[in-house]
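Peer 1: Structure below; questions to follow.
A short reminder: the numbers here are calculations on the coordinates, not readings from a lab. It should be emphasised that the depicted structure is a prediction, and the values quoted were computed from it without experimental measurement. Note that each Cβ is placed from the backbone with ideal geometry, even for glycine, and that neighbours are counted across all protein chains shown.
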Amino acid sequence: MDDYVLLLRGVNVGGNRRVVMAELKAQLAAAGATTVVSYINSGNLIFSYDGDATKLVADVLAAHYDFSIDHLVLTKAAYLAEIAQAPDWWQAADDRRHNALFKLPGYQIEFDADILSSLTDLDQAVITDHVIFWCAPQKVHYHQSAFAKLMGTPFYKQVSIRNRNTTVKLATLLNERD
């Protein structure tokens with residue numbers, strides 16, 4: 001049985017696209033997933049499953065929700081390998097926004113070059129197979145950053161964003177499952 005992380009995009013934001021994590025945990029368990037846990041209310045779940053976890057999640061979401069939910073399923077090994085590639089500056093405590101932008105299925109790879117060419121002196125980004133590690137200003141200069149300008153673009157709809165704390169906590173929870 002393998003461990004997986006499930007990242008949902010755009011749920012429980014402003015009271016819209018409501019997904020109760022306790023209900024989703026129960027739905028996944030009823031479909032065969034085991035040791036299902038969630039972290040905060042923004043669509044972060046970890047579970048074990050013996051089979052095609054991507055299909056399991058797609059089937060559960062389609063059966064229980066009347067709106068589509070973009071999501072990404074990664075194995076424990078894949079998630080931890082991606083997080084291990086986080087640059088030192090992304091892990092440093094400072095006054096900037098530290099985000100991990102997880103590429104959803106269907107992500108257009110040409111966005112990678114667009115991102116790198118759009119970076120300002122205020123941004124830092126490193127791109128891996130499944131994640132874009134990005135730092136941008138927190139307050140004063142945020143709206144001048146490339147990160148701020150990408151919100152609402154087609155690119156934005158193809159990623160699911162987690163802050164550094166959530167990203168690292170999910171790695172910790174996965175590591176605790178040994």
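Peer 1: Tell me which of 142, 71, 90 sits at the most positive position along the dipole axis of region 46-178, charges placed on C-beta atoms (Lys, Arg +1; Asp, Glu -1).
Peer 2: Of the listed residues, the answer is 142.
Peer 1: Sort 36-45, 164-173 by packing, meaning the average of other beta carbons within 10 Å per residue, with the highest value first.
Peer 2: Final packing ranking: 36-45, 164-173.
Peer 1: Next question. Apply the Karplus curve 6.51 cos²θ - 1.76 cosθ + 1.60, θ = phi - 60°, to the phi angles in region 17-30 and return the couplings in whole Hz, x for Gly and Pro.
Peer 2: Per-residue couplings from phi come out as 6, 6, 10, 7, 4, 4, 5, 5, 4, 5, 5, 5, 5, 5 Hz.
Peer 1: May I pose another question? Ordered by residue, what ³J(HN,Hα) values in Hz, to whole numbers, does region 65-77 give under the Karplus form 6.51 cos²θ - 1.76 cosθ + 1.60, where θ = phi - 60° and Gly and Pro are x?
Peer 2: 3J(HN,Hα) across region 65-77, in whole Hz: 10, 8, 9, 6, 10, 5, 7, 9, 10, 10, 5, 3, 4.
Peer 1: Related question: Could you list 96, 9 in order of exposure, starting from the residue whose Cβ has the fewest other Cβ atoms within 10 Å?
Peer 2: In increasing order of surrounding Cβ atoms, one gets 9, 96.
Peer 1: Compute, for the chain, the length of the dipole vector about the Cα centre, with Cβ point charges of +1 (Lys, Arg) and -1 (Asp, Glu) only. Units Debye, rounded to 20.
Peer 2: Numbers: 16 positive and 20 negative charges, 122 e Å.
I would put it at about 580 debye.
Peer 1: In addition: Quick one: Cα centre-to-centre distance for region 1-41 and region 59-97, in angstrom?
Peer 2: After rounding, the separation between the Cα centres reads 13 Å.
Peer 1: For the pair residue 142 and residue 113, how long in nm is the line joining their label points, each one 7 Å along Cα→Cβ?
Peer 2: The answer from the label model is 3.2 nm.
Peer 1: Express the C-alpha Rg of the chain as a ratio against the empirical globular expectation 2.2 N^0.38 Å, rounded to two decimals.
Peer 2: Ratio of Cα Rg to 2.2 N^0.38 Å: 1.04.
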